[in-house]
Amino acid sequence: MKIDFSAMSTPELRRYVLQNRDDKPAFYALMDRLNSNTSTTSYPCPNTPENIEIMKQAIRKKLNQIQ
């Protein structure tokens with residue numbers, strides 16, 4: 001019997017994969033789902049002294065907000 005991974009919620013699919021570690025289609029379905037749900041933003045590496053200074057200031061500002 002073939003399991004319909006698309007009908008499972010992400011937590012259900014994750015539990016299934018952890019309980020059935022040899023089920024490669026389930027693992028790939030989970031990885032595809034996790035990769036499609038990411039909302040990461042990538043930024044280019046600072047390549048000039050001005051951009052490096054801007055990055056340092058942004059990091060300092062963020063660290064001060066956390067503390």
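The accessible-area ordering, largest first, of the residues Tyr16, Tyr43, Tyr28 stands as Tyr43, Tyr28, Tyr16, per a 1.4 angstrom probe. Stretching the chain fully between Lys62 and Asp4 yields a gain of 16.6 nm (0.36 nm per residue, less the alpha carbon separation). Rolling a 1.4 angstrom probe over the chain with all protein chains present gives an accessible area of which 55% lies on carbon and sulfur atoms.
Note on Lys61: accessible area is roughly 130 Å² with a 1.4 Å probe, heavy atoms of protein only.
Surface analysis of the chain yields an accessible area of 91 Å² per residue, using protein heavy atoms and a 1.4 Å probe. Only alpha carbons enter this Debye calculation for the chain, each as an equal point scatterer, and the log10 of I(q)/I(0) it gives at q = 0.24 Å⁻¹ is -1.01.
The values are calculated or read from the model by the stated rules, or taken from the named source; none is laboratory data. Everything numeric here is computed off the predicted structure, so don't read it as measured data. These area figures cover heavy atoms from the full protein model, side chains too; ligands, DNA and RNA do not enter into them. Shrake-Rupley method; radii C 1.70, N 1.55, O 1.52, S 1.80 Å.
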